[in-house]
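Input: a single structure, listed below in structure tokens.
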Amino acid sequence: MQLQDIRLAIIGLGYVGLPLAVEFGRKRPVTGFDINQRRIDELKNGNDFTLETTSEELAAAKQLEFTTHLDDLYACNCYIVTVPTPIDEYKRPDLTPLLKASETVGKVLKQGDIVIYESTVYPGCTEEDCVPVLERVSGLKFNRDFYCGYSPERINPGDKEHRVTTIRKVTSGSTPEVADLIDQLYREIITAGTHKAESIKVAEAAKVIENTQRDLNIALINELALIFNKIGIDTEAVLKAAGTKWNFLPFRPGLVGGHCIGVDPYYLTHKAQAIGHHPEIILAGRRLNDSMGAYVVAQLVKAMTKKRIQVEGARVLVMGLTFKENCPDLRNTRVVDIVKELKDYNCVVDVYDPWVDATEAQHEYGIVPIASPDVGHYDAIILAVAHREFKDMGAAAIRALGKSNAVLYDLKYVLDPQESDLRL
């Protein structure tokens, strides 16, 4: 197959797949496939609820077609799979979406076709888990009748500076020739350039350690915050002072959620345990980061008790539900840990987030965000996400939402130190 012969399909049109489909749709014919009919209808109408693309960008992708129909994929010969790879309730990799997508592609796979995976997985997953599904469903033989590649996504939701085209792309293929072709394909849209990895496993490993490294760095800062809080030192002040050295890494403490950092390390540790290695450092960092919601609430409860505010029945406002600021992404948000912990204390919790879809929040977490908080209504306020709307409000307007002696916990350093009662 030559570059000009590629007829491209993107399987899965979420935070990763849609921006990719839009960029390729400016250059060549692309079929965007998703099993969610509502999603397809919205995209055909120029609406992207993820806010990763605008209606103007969708309109500019003139060669992009959207479909939920499997038959529309038969004309394609190169499939890029961009579906979620979450973890289950026991923190084990859940490959269900990935394997179902592989079954879908297997039904239309033909002689000479190429399947490229972008979903985050552990090293070996593409060839050991996905390829057997493709072979079983299609009846074809890997690296004889069809080929595979892996090019890990590096989407950063809500980031308008680092977009799919401006982030360097790692590519790989199951044969040297296919690796070259896949690299050429991505170079059509990636202005930042590409890095062709030596193998699919190397590319898979590179992706999964990117976020494992970030997770461990944040875990270190979280542990330092616990220490400094006990000593009575302001963590942000310490980090600013240390940050004057040129090689100090600017990480900040907080909740660690989202589709990558709070998930990817479990894919790596799953593989490590499968081959007989117990990854102590990685899992220790995960345990600490997963415990931060409970720590935040414990701090809040102590502060409320010191102010003689009765915790049971107290009204608490949690400002922000998304996993990061200025985006509607609710995937694996750890703000839900705070909400759950507060409810365990029998607090009455209101969640306010102008970025989220209330229906999605209720479906995913059983949380119904309020439309707007009432002034003078709350015994405690937790500023959990640094949305620009909250920054624009300022300390006075945020404090006005609480009662006269309410506790204000600034989890994200949105306010100046003296403007809140608690900081992480």
Handout entry: Pairs with Cβ under 7 Å, 6+ apart, first in region 125-144 and surrounded by 14 or more Cβ atoms within 10 Å (Cβ to Cβ) and in a helix (DSSP H, G or I), second among the acidic types (Asp, Glu) and at pLDDT 95 or above
Key = Cys125/Glu204; Thr126/Glu204; Val133/Glu103; Val137/Glu103
Handout entry: Checking Gly276 against (1) at pLDDT 95 or above; (2) open to solvent by less than 50 Å² (accessible area, probe 1.4 Å); (3) on the phi > 0 side of the Ramachandran plot, the condition it does not meet
Key = (2)
Handout entry: Output for region 112-124, where each listed residue is under 18 Å from Gly17 (Cα atoms) and assigned to a loop (DSSP other than H, G, I, E, B)
Key = Glu118, Ser119, Thr120, Val121
Handout entry: Filter result (more than 19 Å from the chain's Cα centre (by Cα) and assigned to a loop (DSSP other than H, G, I, E, B)) within region 363-396
Key = Gly366, Ile367, Val368, Pro369, Ile370, Ala371, Ser372, Pro373, Asp374, Val375, Gly376, His377
Practice task
Among the residues of region 395-424, write down those that are within 21 Å of Thr322 (Cα to Cα) and either loosely packed, with under 14 Cβ neighbours inside 10 Å or hydroxyl-bearing (Ser, Thr, Tyr) (or both).
Solution key: Tyr409, Tyr413
Completion exercise
Picked from region 3-34 (must be open to solvent by 80 Å² or more (accessible area, probe 1.4 Å) and without any contact (Cβ under 8 Å) to a residue 40 or more places away in the chain), the residue nearest to Gln63 (Cα to Cα) is Pro29
Handout entry: Where Ala61 falls short, out of the listed (1) open to solvent by 10 Å² or more (accessible area, probe 1.4 Å); (2) modelled with pLDDT under 95
Key = (1)
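Every residue, every condition in (1) in a loop (DSSP other than H, G, I, E, B); (2) open to solvent by 60 Å² or more (accessible area, probe 1.4 Å); (3) modelled with pLDDT under 95, yes or no:
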{"position": "Ile155", "(1), (2), (3)": "yes, no, yes"}
{"position": "Asp159", "(1), (2), (3)": "yes, no, yes"}
{"position": "His162", "(1), (2), (3)": "yes, yes, yes"}
{"position": "Val178", "(1), (2), (3)": "no, no, no"}
{"position": "Leu181", "(1), (2), (3)": "no, no, no"}
Practice task
Scan region 328-336 and give yes if some residue there is more than 19 Å from the chain's Cα centre (by Cα), in a loop (DSSP other than H, G, I, E, B) and at positive phi, otherwise no.
Solution key: no
Completion exercise
When region 325-364 is checked residue by residue, the ones that are touching a residue at least 60 places away in the same chain (Cβ under 8 Å), open to solvent by less than 60 Å² (accessible area, probe 1.4 Å) and either touching a His at 6+ places or on another chain (Cβ under 8 Å) or among the polar types (S, T, N, Q) (or both) are Asn326, Asp329, Asn332, Thr333
Practice task
Restrict the check to region 230-238 and report whether at least one residue is open to solvent by less than 10 Å² (accessible area, probe 1.4 Å) and among the small types (Gly, Ala, Ser).
Solution key: no
Exercise for the section: Look at Lys391 and say whether it is touching a residue at least 60 places away in the same chain (Cβ under 8 Å) and open to solvent by 30 Å² or more (accessible area, probe 1.4 Å). Expected result: no
Exercise for the section: Could you look through region 300-324, keep only residues that are outside any loop (DSSP other than H, G, I, E, B) and in contact (Cβ under 8 Å) with a residue 60 or more places away in the chain, and pick out the one that is nearest to Gly14 (Cα to Cα)? Expected result: Met319
Problem - Conditions (1) closer than 20 Å to Ile382 by Cα; (2) of a type outside the set (Val, Ile, Thr); (3) in contact with a strand residue (DSSP E or B) (Cβ under 9 Å, 6 or more places away or on another chain); number of the one not met by Met292 - result: (3)
Problem - Meets criteria (surrounded by fewer than 21 Cβ atoms within 10 Å (Cβ to Cβ), touching a residue at least 24 places away in the same chain (Cβ under 8 Å) and within 21 Å of Asp329 (Cβ to Cβ)) for Leu51 - result: yes
Practice task
Go through (1) among the hydrophobic types (A, V, I, L, M, F, W, C); (2) farther than 17 Å from Leu255 by Cβ; (3) open to solvent by less than 50 Å² (accessible area, probe 1.4 Å) one by one and return the number of the condition Ile381 breaks.
Solution key: (2)
Practice task
Those residues that are open to solvent by 20 Å² or more (accessible area, probe 1.4 Å) and either part of a helix (DSSP H, G or I) or β-branched (Val, Ile, Thr) (or both), I need them from region 165-176; list them, please.
Solution key: Thr165, Thr166, Ile167, Thr175, Pro176
Handout entry: Elements of type helices (runs of 4 or more DSSP H) contained in region 1-97, each with 3 or more residues being within 22 Å of the chain's Cα centre (by Cα)
Key = 17-25, 37-44
Practice task
Scan region 242-260 and give yes if some residue there is closer than 27 Å to Ala384 by Cβ, without any contact (Cβ under 8 Å) to a residue 40 or more places away in the chain and assigned to a helix (DSSP H, G or I), otherwise no.
Solution key: yes
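To keep it simple, each residue is scored yes or no on (1) at pLDDT 95 or above; (2) more than 25 Å from Lys240 (Cα to Cα); (3) of a type in the set (Val, Ile, Thr).
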residue	(1), (2), (3)
Val318	yes, yes, yes
Lys340	yes, yes, no
Ile382	yes, no, yes
Arg399	yes, yes, no
Asp410	yes, no, no
Leu424	no, no, no
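The values are calculated or read from the model by the stated rules, or taken from the named source; none is laboratory data. If you're wondering where the values come from, they're calculated on a predicted model, not measured in any experiment. Note that each Cβ is placed from the backbone with ideal geometry, even for glycine, and that neighbours are counted across all protein chains shown. Accessible surface is based on the protein model in full, side chains and every heavy atom, while ligands, DNA and RNA are left aside. Shrake-Rupley method; radii C 1.70, N 1.55, O 1.52, S 1.80 Å.
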